[in-house]
Amino acid sequence: MASTSIQTVPSSSTSAFSKPQPEYDVFLSFSGEDTRHQFTDHLYHALNDKEIITFKDDKELKKGEPISRELLDAIEKSRIAVIILSENYASSIWCLEELAKIVECRERGILTVLPIFYHVEPTDVRHQKKTFEEAFAKHEIRFKENPKKVLNWRAALTNVANLSGEPLKDG
């Protein structure tokens with residue numbers, strides 16, 4: 001179940017030319033293995049304390065489970081995606097599926113993206129070096145019948161790593 005802060009927002013009529021009101025201010029994309037109980041929890045609570053409606057998936061998915069429709073819908077219903085890129089982010093198929101959806105929404109102009117480079121160098125993310133390189137080597141073997149999927153993930157990662165973001169070494 002996703003954790004969200006609930007806030008009442010006055011309803012307003014929307015014309016055919018306006019975008020629907022987002023349900024969430026922020027969608028957090030993160031590797032639970034790396035940051036769920038530290039940085040991501042602190043960020044989530046800080047945002048909620050400021051009454052910023054934040055989507056953080058609290059399910060710890062098991063290997064082999066597909067990404068939920070709820071998660072992909074939450075991305076589309078958010079104003080901003082904060083992507084916490086950490087050492088094991090690219091090891092997670094769910095993170096990469098989220099990332100691909102986030103980039104798709106950004107390209108459609110419905111989502112602003114802020115990457116945070118948590119204990120990783122932006123250049124390692126951009127060029128898929130170190131743990132990112134290792135993760136993609138495994139994905140290429142696992143998805144050898146669907147190389148477009150892996151290429152899409154690589155492109156999404158490069159796209160996000162080319163954005164101006166926040167590097168965090170401590171925390």
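The values are calculated or read from the model by the stated rules, or taken from the named source; none is laboratory data. If you're wondering where the values come from, they're calculated on a predicted model, not measured in any experiment. Glycine gets a Cβ as well: all are built from the backbone with ideal geometry, and neighbour counts include every protein chain shown.
Confirm whether PRO66 is modelled with pLDDT of 95 or more and either under 18 Å from SER164 (Cα atoms) or surrounded by fewer than 20 Cβ atoms within 10 Å (Cβ to Cβ) (or both).
no
Before we move on, is PRO122 buried (at least 17 other Cβ atoms within 10 Å of the Cβ), more than 18 Å from PHE27 (Cα to Cα) and in contact with a helix residue (DSSP H, G or I) (Cβ under 6 Å, 6 or more places away or on another chain)?
yes
Criterion first (more than 26 Å from LEU151 (Cβ to Cβ), modelled with pLDDT of 95 or more, in contact with a Leu (Cβ under 9 Å, 6 or more places away or on another chain) and among the polar types (S, T, N, Q)) does THR40 satisfy it?
yes
Looking at segment 120-149, I want the residues that are within 17 Å of LYS169 (Cα to Cα) and have a partner that is among the basic types (Lys, Arg) with Cβ atoms under 6 Å, at least 6 apart or on another chain. Which pairs are those?
From residues that are within 17 Å of LYS169 (Cα to Cα), the pairs are ASP124/LYS130.
Which of (1) in contact with a strand residue (DSSP E or B) (Cβ under 8 Å, 6 or more places away or on another chain); (2) crowded, with 19+ Cβ neighbours inside 10 Å does ALA135 not meet, given it meets every other one?
Exception for ALA135: condition (1).
Scanning segment 118-151 for residues that are of a type in the set (Phe, Trp, Tyr) and not in a strand (DSSP E or B), which turns out nearest to LEU163 (Cα to Cα)?
PHE132
Picking from ILE84, ILE75, which residue would you name as being surrounded by 17 or more Cβ atoms within 10 Å (Cβ to Cβ), among the aliphatic types (A, V, I, L, M), under 16 Å from the mean Cα position of the chain (by Cα) and in a helix (DSSP H, G or I)?
ILE75
Would you mind finding the one in PRO66, PRO115, PRO167 that is under 13 Å from LEU28 (Cα atoms) and either within 17 Å of the chain's Cα centre (by Cα) or not in a helix (DSSP H, G or I) (or both)?
One residue alone meets the criteria, PRO115.
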